[in-house]
Amino acid sequence: MNKVRLGMVGGGQGAFIGGVHRIASRIDGKFDLVAGALSSNPERAAASAKELGIARSYSSYEEMAREEAAREDGIEAVAIVTPNHMHAGPAITFLNAGINVICDKPLAATPEQAEEMAAAVKSSKARFILTHNYTGYPLIRQAREMVARGDLGKIRVIQASYSQDWLAEAPDPDNKQAEWRTDPAKAGGGAIGDIGSHAFNLLSFVSGLKTEALLAELHSMVDGRRVDDNAHILLRLEGGAKGMLWASQVAIGQENNLSLRIYGEKGGIEWNQENPNVMTFARFGEPKQLLTRGGAGLGSGGGDWTRIPPGHPEGYLEGFANLYSDAADLIRGEGDGSLLPGIDAGMDGMWFIASCIKSQDAGNTWIAR
């Protein structure tokens, strides 16, 4: 099997998400990281590349795109793991160079940047993948199949929540992760963009339903904070389904609690990211069933997205790796990429963020598409 030659923009020394992407790309052995523009500081970029054993280090993403596109052994895909406001420039540059793009979420910091990215995707022959990594969890993909085949019946109610406590007080000024996430110019939104967009994407991915309108109440609980850190959002989905979404980074005691609950006319499912190998399924009037990752009763596809036998936990990194594995198959022409979030999911997430802000600014009113 020929590995996909991968490059990376951002994700140098001290960057959490860069390490996650690198691990995820290696788990199934389908990528080879050979080039990087890991920092806007050339010395730091070179040091990071040497530390990680990356053969070719560049001082800018523009140089990297130009040089790699000209090489016979140049990269076939690039992972963009920069803060939100720095997604658009690299993504557009590499797409224009004909290099496939794997971009961290959300799509961009502003609607204008997102539109520019969408135009570049449309005009390029290269693929664009957005790493909404929770869609890679095996039981989330199982839930999507169950909803699609009608196990729950017509969907009535969806509840999604994503709660953390790491921003419950003003962070240390040297905390780079907090610094850009609480800067509206860099993040584009607070909790709604950082974690709310994950919850919104997950409920859309599993239910298959498009949100038609939303009403948001955004809060900045910490004094002086310029972005939201808590959000209560009502959703109207196609087909008459009703939704509620809560995103909070000030919920004391919550670590990374992403939860999804979907209820239809015939049944309901409940799943939580902190215990991702288990999902409950209930048919009306019958005892609840406990479904396990790759376990009995899931059908022939139940183990398609797992690597080890049932009872051996898989989690965050393996779910992330499923996206990278699917991306490699798509790039090599061996898969259809039907489960991969792309530009449409990215634009949907940008509508969610912008509409939440618009609803808040308009006095918490309903915002329709």
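Things worth noting here:
- Remark on the chain: ratio of C-alpha radius of gyration to 2.2 N^0.38 Å is 0.98.
- Within the chain, longest stretch clear of exposed GluC sites (Glu not before Pro) (DSSP loop, no more than 16 other Cβ within 10 Å): 73-168
- Proximal charge balance of Asn256 [Cβ under 13 Å; K/R count +1, D/E count -1]: -4
- Between helix 343-361 and the chain: long-axis angle, C-alpha atoms, 0 to 90°, nearest 10: 70
- Pairs of alpha carbons in the range 44-91 separated by more than 16 Å make up 45% of all such pairs.
- Among His312, His85, His21: highest mean-square fluctuation, GNM of the chain, C-alpha pairs under 10 Å: His312
- Other residues within the sphere of radius under 14 Å centred on the Cβ of Gly153, judged by their own Cβ, net out at +2 (K and R +1, D and E -1).
- Look at the dipole of the chain built from charges on Cβ: of Ser338, Gly224, Val9, the Cα furthest out on the positive end belongs to Ser338.
- Loop trypsin sites (Lys or Arg not before Pro), the range 145-253 (other Cβ atoms within 10 Å of the site Cβ: 12 or fewer; DSSP): Arg149, Lys154, Lys210, Arg226
- Other-chain or far-sequence residues with amide H under 5 Å of Leu130's (modelled H): Cys103, Gly342
- The relative contact order of the chain comes to 19 percent, based on Cα pairs under 8 Å that sit 6 or more residues apart.
- Rounded to 5, the percent of DSSP beta bridges in the chain classed as antiparallel: 60
- Whole-Å distance, taken between Cα centres, linking the range 45-71 and the range 105-143: 24
- Computed about its Cα centre, the charge dipole of the chain is approximately 860 debye, with only Lys, Arg, Asp and Glu carrying charge at their Cβ.
- When only the Cβ of Lys, Arg, Asp and Glu is charged (+1, +1, -1, -1), the dipole of the range 102-254 relative to its Cα centre reaches about 920 debye.
- Asp361 accessible area, 1.4 Å probe, all protein chains in place, Å² to nearest 10: 120
- Helix 316-331 axis, angle to the chain major axis (alpha carbon atoms, nearest 10°): 60
- Residues whose amide H comes within less than 5 Å of that of Ala79, counting only those at least five positions distant or on another chain, are Gly7, Met8, Val9, Ile102 (H built at 1.01 Å from N in the peptide plane).
- The helix-only estimate of mean residue ellipticity at 222 nm for the chain, built from DSSP H runs of length n ≥ 4 each weighted as -39500 (n - 2.57), is -10000 deg cm²/dmol after division by the residue total.
- Of Ile262, Ile252, Ile75, the one that fluctuates the most in a GNM where the chain has Cα springs shorter than 10 Å: Ile252
- Cα gyration tensor category, rounded, prolate or oblate, for the range 179-310 with a/c compared to 1.5: prolate
- Near Pro83, once Lys and Arg are set to +1 and Asp and Glu to -1 for all other residues with Cβ below 13 Å from its Cβ, the sum equals 0.
- Solvent-accessible ranking of Trp271, Trp351, largest area first, probe 1.4 Å: Trp351, Trp271
- Angle between the chain longest axis and helix 61-70 axis [Cα atoms, degrees, rounded to 10]: 70
- Across the protein chains, with a 1.4 Å probe defining accessible surface, the residues Phe352, Phe205 rank Phe205, Phe352 from largest area downward.
- Whether the range 39-118 is rounded, prolate or oblate, judged on the alpha carbon gyration tensor where a/c under 1.5 counts as rounded: oblate
- Across the range 1-84, the relative contact order, built from alpha-carbon pairs under 8 Å that are at least six residues apart, equals 39 percent.
- Of all lysines in the structure, those lying under 27 Å Cα to Cα from Lys266, and not within fewer than 8 positions of it along the same chain, are Lys154, Lys210, Lys242, Lys288.
The values are calculated or read from the model by the stated rules, or taken from the named source; none is laboratory data. None of the values given here were measured: they were computed from a predicted structure. Cβ: placed from backbone, ideal geometry, glycine included. Neighbour counts: every protein chain shown. We work out accessible area using only protein heavy atoms, side chains counted, and drop any ligands, DNA or RNA first. Shrake-Rupley method; radii C 1.70, N 1.55, O 1.52, S 1.80 Å.
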